[in-house]
Structure formats: structure tokens, C-alpha cells
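Asks: Before I ask anything, here is the structure I am working with.
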Ligand code: ANZ
């Protein structure tokens with residue numbers, strides 16, 4: 001007979017799985033507890049690469065693990081199949097984006113089958129199927145009815161290369177995330193989802209994910225939402241009706257405001273300039289044109305020289321009636337807070353830089369040298385017993401005068417120069433001033449967020465058509481439900497090349513519709529939805545992927561979801577996860593689901609690198625998934641990847657040894673063969689040392705898997721296979737029942753990483769049925785008790801104590817126990833140990849001279 005033949009084994013078991021479909025999730029009659037395991041679904045651009053191989057290897061470890069633990073596991077797969085790459089490929093090749101997309105999906109499916117992923121193949125979905133996007137349209141209309149979908153004209157991020165609008169999240173350092181072109185601002189009327197209504201909940205609910213999601217992702221979400229707490233303060237403007245409101249996180253410093261700054265690109269700035277002299281208007285226009293060419297990143301950079309234009313207008317400070325000159329300056333952004341700030345140069349660095357550049361007054365209102373603890377200040381005395389008054393010393397005053405040092409005093413302290421606030425700490429002063437402003441009707445507590453509403457319109461073809469109708473008399477109404485899905489027109493005859501208007505607009509027949517109320521001619525909406533809408537709820541569609549009557553059944557949703565283990569790349573740490581969390585909360589509010597967070601736990605795997613950089617097509621360092629399996633086989637690839645390191649670390653493809661993994665699998669196979677070749681098992685007592693190794697692994701592996709220490713389990717399994725081989729070669733041979741026990745445990749645990757090999761081992765060992773469905777063997781607790789030995793401790797050659805210690809103790813632990821033993825401490829009587837010789841586990845020998 002031949003050796004371990006990875007390919008024969010792989011083909012054999014793939015055929016059997018395809019026939020028996022053993023990994024389909026159980027239905028209502030299945031009484032086992034449920035687990036929903038999900039890998040982030042792939043985008044069908046080209047073939048899969050090693051990043052996917054890594055992701056889906058981990059997904060399968062987790063899914064298979066829970067099946068062995070007695071759970072009814074749902075592990076589905078689908079495709080995020082709308083989006084720009086398909087459309088761009090279609091433009092380049094003159095092909096139909098549909099054909100390109102579905103051909104790639106077929107290739108992916110083949111690769112996943114070859115990989116041995118244990119999916120429930122009955123629940124496949126593709127977001128570009130009308131059966132799927134029909135429910136995107138339903139979702140859109142649901143948000144519209146709840147007042148969460150609206151249109152507005154605003155400056156949007158525009159990619160001049162892709163000729164499309166980008167969400168803030170898709171702009172990386174001022175460049176298009178996809179093509180790298182520099183993003184510009186353009187005014188357009190677009191559809192938005194009002195995610196800002198959910199800002200507080202999106203932020204607060206992160207607390208419940210603490211410990212279950214990577215800390216880094218939680219932090220990134222918090223920063224993205226960016227909640228600031230403070231006050232809105234209203235200022236009168238001379239010669240103008242109505243007040244101007246500013247948002248400040250430091251309302252306590254209101255008495256230190258010495259000017260006001262408005263964003264040059266705000267409506268307010270234009271209005272104030274328009275009411276000023278011709279000269280100011282000209283200077284302002286000039287400045288505005290420059291500012292419009294800048295990115296937000298540049299505007300917020302702290303090391304650029306401050307620029308601005310005095311508008312020759314004045315605001316009135318509501319607490320003291322002072323006249324504050326109003327400036328337009330680019331460091332204030334139009335779309336944060338109210339697009340205007342009260343400038344407090346003594347206590348805000350940006351304001352101070354500006355004040356110093358334009359010679360504006362600086363007034364300190366917080367004494368940051370004063371103690372804030374409430375304890376009495378310590379008064380320092382000089383040699384003659386006279387109190388040293390730091391204020392009397394001109395030099396020391398200068399060192400804290402921000403106008404001189406250029407350093408704003410941002411710390412806490414006691415209020416000064418602030419009327420009734422004087423003497424208060426920052427916290428108390430904030431509370432007091434908010435009370436005063438509220439009483440006077442000139443301010444109130446307020447919050448501000450970095451999070452913006454979600455811009456979902458795209459001027460592209462390959463996406464979900466927006467299910468709205470524009471009537472002749474200017475109303476915008478939903479496409480009636482019985483007309484959904486509103487499917488895409490045939491692409492033939494449409495010009496997909498980006499022009500800044502949606503290609504659908506060119507499909508005259510498709511665009512023409514009727515006003516559902518009046519029957520008059522009307523137009524469809526030519527835009528399509530951001531594909532992040534598609535992926536914001538797909539985990540729910542898997543619960544009834546074939547159901548034509550509803551997006552998902554609420555009852556099933558509450559049984560399976562939230563997803564127990566969501567596994568994917570950290571590149572989705574903000575966008576996708578935030579949108580999915582938002583939509584989940586909307587569906588909860590609509591009463592359709594009973595949970596508010598979509599993913600109970602999240603695993604982000606590291607990246608697969610080649611030559612130290614991320615694998616990518618453009619770098620030409622892509623190892624394709626399908627070809628990676630050609631030589632060593634699927635099981636070796638999977639095992640090698642999982643063994644390569646902790647799940648969250650990046651791995652270098654050069655360091656991933658598929659050859660090593662293949663040898664390990666062959667060793668495991670050989671052990672099973674040896675066991676099976678033994679005709680009559682002689683029931684000896686069994687090698688206890690081997691039994692301990694087996695049972696320790698059975699006991700430890702579940703905890704290790706639950707802590708995502710997958711690589712450690714592979715290492716321990718390698719140990720077990722080696723220990724088994726040793727017993728076969730040196731002990732009672734393969735007839736030892738401890739050997740069979742080890743071989744069976746190996747087959748079950750190796751299933752997590754190398755499922756084809758596992759099934760083969762199981763069959764070799766004489767079993768019918770799939771090892772993938774076998775319950776976890778429980779560990780025999782009597783074999784887990786640590787073996788102990790007696791250790792002697794000598795001082796200067798005389799035995800002074802004996803210790804009972806674990807047989808596997810290491811030198812450092814043993815020496816520590818010996819030094820701490822009270823008999824030893826007593827015998828030493830304070831003498832110093834000059835030398836220690838430690839021979840674990842039996843002897844420790846101390847010398848004192
Ligand atoms: C007065 C003040 C005094 C401020 C002080 C800070 C320190 P975060 O924490 O990022 O929310 N601000 C408000 N709107 C702005 C805009 N549109 N563009 C640029 N800056 C703006 O920052 C809030 C603070 O940033 C606000 O508090 C305001 O300056 C400024 F000692 O008001 B502060």
C-alpha cells in the first residue's frame with residue numbers, strides 16, 4: 001500500500017460531504033443549543049487569495065469546534081457581489097458586470113469546496129441577486145418611513161477618477177480608498193441614512209462588547225463616533241437679527257473669549273462678509289477660494305501657519321457684553337459643531353496660534369498653578385519667614401503667560417477673571433456656567449459628534465436601485481411594494497463610463513414610470529445604493545436565504561442571532577461593523593428582532609504578507625488560494641496557516657511551512673494505519689504517560705479554542721502524535737489501548753484544521769459516519785492530576801527540608817519554592833545564599849560560603 005495521499009483523501013471526502021451534506025444547520029426539531037459562526041463574506045473580485053484562505057480556515061476551526069461540542073451550528077457563506085470592481089472590469093473588458101461577477105463566484109465556490117469548508121450550502125446568497133436586493137429596497141423604504149433616509153444637498157467627497165461620491169470612511173488621507181486619486185469636494189443632492197440619530201447608542205453599546213471584540217476595534221469605533229460633551233452658547237451679532245450658536249467643550253472659559261472664528265465655507269461666513277465693506281468682501285472671496293482647495297486633514301493640521309480674514313463684524317459675549325471681533329479661518333470646519341467657535345486663546349492651542357499670528361488679545365481665566373483638590377494651599381515661606389507669593393515674581397508669571405510662551409494652558413485649575421465663577425474648579429465652573437446660560441436663555445448643555453450621516457447614493461450601475469419615484473410636481477415617493485424588486489435594466493446599450501451622473505439615467509425606458517398617486521408620468525431615482533447597505537444586514541438573510549416573502553423571519557432571527565463568532569479582517573473595523581450595528585438597532589426599534597448588537601464576539605485575523613508587505617494584485621505579490629492548494633493539498637495549507645502564529649498576528653507567507661504541515665498529517669495517518677493493522681488488541685493496562693498527554697489535550701483544547709489560541713492546539717496535537725509514535729515504537733506497540741485512544745482523539749481534534757485527513761483517520765480506525773459530527777471526548781479527570789515527586793533541599797550539604805512538587809516543575813519554580821520554605825528560612829538564620837544548584841525535580845542545593 002502507498003503512503004499518505006492528500007489528494008485521494010481530499011477528493012474522496014469532498015464527494016462524500018457533497019452527497020451527504022452533513023454540515024447543514026439543524027431545524028426546529030433539533031434540540032441542541034445553537035451557535036451562529038460567520039466569516040465576513042467575500043467580494044468576488046478575481047480569485048480568492050491567501051488572506052481568504054486564512055480567514056476561512058479560522059472560521060472552519062470555530063464552526064467545527066462547536067459541532068464537536070454538541071451545538072447545532074450555522075455556518076453559511078455568501079457573496080458581497082455588487083460594487084465598483086465588477087463595474088470597472090466590465091468597462092475595461094466591455095463585458096457585462098453580471099457575467100464577470102457570477103463567473104468569479106463559481107470559481108470561489110469551487111475553491112471553498114476544495115478547501116473543505118463546512119458550510120451549510122443550502123443558504124447561499126449573492127447580494128446582486130434580485131431576490132436579495134429586493135430586501136435592500138425594503139430596508140431603504142423602512143428607513144425612509146422611520147425618517148432615517150433623507151435627501152440633502154451638501155458638499156460631498158468626489159473621486160474624479162471613479163466619478164463617484166465617496167463616504168467619509170472611503171477617503172483615506174484625502175485620497176480615494178479604491179483608486180488612490182485625490183478626492184475633491186462637490187455639491188450634490190444625495191440620499192443619506194441618519195446614523196447620527198443613533199450616535200449615543202452606537203457609542204454606549206460598545207461597553208457591552210468590551211472583552212468580546214478586539215480592544216483596538218472598540219477604540220476605533222469610539223473615535224469614529226467621537227462624542228464631545230460641552231455646551232452650545234448663543235452670541236448676538238451686531239447689526240444682525242438672530243443669534244449665532246457655537247459649540248464648546250470648555251464653556252467654563254467663556255470669560256476668556258477674545259474673538260470669534262467662523263468656518264470660511266459656512267453659509268454664516270458668506271452672510272457676514274456680504275454685510276461688510278467691499279474690501280472685506282473681496283478679501284473674503286479670495287480666501288474662500290483657497291480654502292475650498294484644501295482637505296479637512298490639511299485644515300486640521302496643527303503645524304501649518306494660521307491664516308484668516310477679519311470680517312469687520314462683532315459678536316457680543318452673553319456673559320459680559322464684550323465685543324468680540326469675528327474672523328473667518330480655515331481651522332474651523334463648516335460641518336463640525338455649528339461651524340463657528342468662541343476663541344479662547346489662553347486655553348486653546350489653535351486659538352492661541354491664531355491670536356499670536358494676528359495680534360489678538362489673550363486673557364487667562366484659569367489659574368492652572370492653583371491646587372484643585374480642595375485642600376488648603378501649601379504656603380511656601382522664604383528664609384525670613386515671609387510667604388513667597390509666586391504672583392509677585394515677574395519671571396515665574398511670564399513662564400505661564402501663554403501670550404509669551406505660545407503654549408495654551410489647557411490643564412485644570414481655579415477660575416480667575418471670571419466674575420461669579422472665580423475660585424471654582426473646571427468641573428464646577430462648567431456646571432455653573434451652563435446653569436447661568438440656561439437661566440438667561442443664551443446657552444445649554446450639548447454634545448457634538450465626529451460621526452456624520454451615512455451618504456448612500458452612488459452614481460454607478462452595479463448596485464441596488466433606489467426604490468423611490470420623483471413625481472412631476474416635485475414629490476418623492478416610494479416605489480409601491482407590489483412593484484418590488486425594482487430590478488436593474490439590461491446593461492446592453494448603457495454607457496457605464498463614469499460621468500458623474502448615474503448610468504441608469506441613460507436607460508430611458510427604465511427611468512420612465514408613473515406617479516403611484518396620480519398616474520401622471522414620473523421618473524425613477526437613477527442612483528444606486530452604497531454596497532455597505534447590502535452588507536449591513538446580510539447575516540440576517542442567511543436565516544431564510546430562500547424566503548421570497550420577507551427579508552428574514554423574526555422568529556428565526558431571535559433563535560440564531562446575534563452572530564456568536566464573527567471572523568474577518570481588521571480593515572472592516574469601522575465602516576462595515578458600524579453600519580451593521582446601526583441597522584441592527586433600527587430593526588430592533590422596528591420590533592423585528594430582539595437584540596441590539598449584531599455580533600456578540602469578533603475575531604480579527606492578522607494579514608498574510610509576502611516579502612513583508614500585504615499581498616495585493618497591484619503589488620504583484622498575490623498568492624492565489626486555488627494554486628496554493630495544488631502542491632500540498634487543502635489540509636496542509638489550512639494546518640500550516642493556523643499553526644503559523646496567533647490569530648491576530650500578521651503572518652509571512654514565506655514562513656508558513658506547508659511541507660511541515662504535510663509531514664505532520666502523514667505522521668498522524670501512519671499512526672492510525674499502525675493501530676488498524678494490529679489484528680488482536682491485547683488489553684494491556686496502557687501507557688499511562690501517553691494517556692496523560694491525550695487527556696490533558698482533551699481537557700485543555702476547548703479553553704484554548706475559546707480563547708482563540710488555535711495555533712497552540714495545533715502544537716499540542718503535534719506533541720500528542722509524537723508521543724503516540726514513541727509509545728508504538730518503544731512500548732507495547734500499536735496494540736496498547738493507550739495508542740488507540742490517542743489515535744482516536746487525534747482524529748477528532750485534527751478535524752478542526754485538517755478535516756479530510758480527520759475523516760480518513762476515523763475510517764481507518766474502523767468507524768462509520770463523519771468524525772466532523774462526533775461529540776468531543778471528555779477527559780478522564782484522574783489522568784489530569786499532576787504527578788508529584790519528592791524534592792530534597794540541602795544547605796551546605798545537609799538536607800534541611802523535603803518538598804512535594806509537580807514532576808514537571810522547572811528550575812526557577814523549584815528554586816523559588818525552596819527559598820520560600822519556612823524550614824529553609826529558619827535554617828539559614830539570616831545567612832546569605834552564595835550559590836544555588838537546582839536539578840529539577842529532585843534536588844536543590846544551597847551554599848552559604
Ligand atoms: C472654546 C474652547 C476653549 C474650546 C478651550 C476648547 C478649549 P472636540 O473636543 O474635538 O469636540 N470647535 C467647535 N466647533 C469647531 C469647528 N467647527 N471647527 C473647529 N473647531 C471647533 O473640540 C471641541 C472644541 O473645538 C470646542 O471647544 C471649540 O473650541 C472647537 F479652552 O470652545 B472650544
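The values are calculated or read from the model by the stated rules, or taken from the named source; none is laboratory data. Nothing here was measured: the structure is a model prediction, and the numbers come from that model. Cβ coordinates were reconstructed from backbone atoms using ideal geometry, including for glycine residues, and neighbour counts include every protein chain displayed.
Asks: Between residues in region 333-358 that are under 28 Å from residue 168 (Cα atoms) and in contact (Cβ under 8 Å) with a residue 24 or more places away in the chain and residues that are near the ligand (Cβ under 8 Å from one of its atoms) and in a helix (DSSP H, G or I), which pairs lie under 6 Å by C-beta distance while being six or more apart or on different chains?
Replies: Close Cβ pairs satisfying both conditions: 343/351.
Asks: So is residue 269 touching a residue at least 40 places away in the same chain (Cβ under 8 Å) and in a strand (DSSP E or B) or not?
Replies: So residue 269 fails the test.
Asks: If you check residue 143 against the conditions, is it at pLDDT 95 or above, in contact with a strand residue (DSSP E or B) (Cβ under 6 Å, 6 or more places away or on another chain), in a helix (DSSP H, G or I) and crowded, with 19+ Cβ neighbours inside 10 Å?
Replies: yes
Asks: Quick one: which helices (runs of 4 or more DSSP H) lie wholly within region 1-97 and hold at least 3 residues that are touching a helix residue (DSSP H, G or I) at 6+ places or on another chain (Cβ under 7 Å) and under 20 Å from residue 604 (Cα atoms)?
Replies: 50-68
Asks: Then there is this: Say whether the condition of being surrounded by 18 or more Cβ atoms within 10 Å (Cβ to Cβ), over 25 Å from residue 710 (Cβ atoms) and without any contact (Cβ under 8 Å) to a residue 60 or more places away in the chain is met by at least one residue in region 594-611.
Replies: Checked against the condition, which is being surrounded by 18 or more Cβ atoms within 10 Å (Cβ to Cβ), over 25 Å from residue 710 (Cβ atoms) and without any contact (Cβ under 8 Å) to a residue 60 or more places away in the chain, region 594-611 yields no hits at all.
Asks: Taking the residues in region 171-229 that are at pLDDT 95 or above, in a strand (DSSP E or B) and surrounded by 14 or more Cβ atoms within 10 Å (Cβ to Cβ) as candidates, determine which candidate is nearest to the ligand (Cβ to nearest atom).
Replies: Checking each candidate, the answer is 228.
Asks: On the basis of being surrounded by fewer than 20 Cβ atoms within 10 Å (Cβ to Cβ) and without any contact (Cβ under 8 Å) to a residue 60 or more places away in the chain, does residue 131 make the cut?
Replies: So residue 131 fails the test.
Asks: Residue 280 passes all but one of (1) within 16 Å of the ligand (Cβ to nearest atom); (2) surrounded by fewer than 21 Cβ atoms within 10 Å (Cβ to Cβ); (3) assigned to a helix (DSSP H, G or I); which number fails?
Replies: Here residue 280 meets the rest and fails (1).
Asks: Which of the strands (runs of 3 or more DSSP E) contained wholly in region 299-362 include at least 2 residues that are modelled with pLDDT of 95 or more, away from the ligand (no atom under 12 Å from the Cβ) and crowded, with 19+ Cβ neighbours inside 10 Å?
Replies: By residue number, 309-316, 323-328.
Asks: How many residues does region 30-78 hold that are touching a strand residue (DSSP E or B) at 6+ places or on another chain (Cβ under 6 Å) and either free of Cβ contacts under 8 Å to residues at least 12 places away in the same chain or farther than 18 Å from residue 114 by Cβ (or both)?
Replies: 17
Asks: Looking at (1) under 28 Å from residue 321 (Cβ atoms); (2) within 13 Å of the ligand (Cβ to nearest atom), which is the one condition that is false for residue 273?
Replies: Checking residue 273 against (1) under 28 Å from residue 321 (Cβ atoms); (2) within 13 Å of the ligand (Cβ to nearest atom), the one that fails is (2).
Asks: Hey, another quick one. Tell me, please, whether a residue that is farther than 25 Å from residue 8 by Cβ and modelled with pLDDT of 95 or more can be found in region 763-776.
Replies: Yes, there is a match, as at least one residue in region 763-776 is farther than 25 Å from residue 8 by Cβ and modelled with pLDDT of 95 or more.
Asks: Please count how many residues of region 255-264 are more than 8 Å from the ligand (Cβ to nearest atom) and farther than 12 Å from residue 340 by Cβ.
Replies: The total comes to 2.
Asks: Quick one: residue 172 ticks every box in (1) farther than 25 Å from residue 497 by Cβ; (2) without any contact (Cβ under 8 Å) to a residue 40 or more places away in the chain except a single one, so which number is it?
Replies: Status for residue 172: all satisfied but (1).
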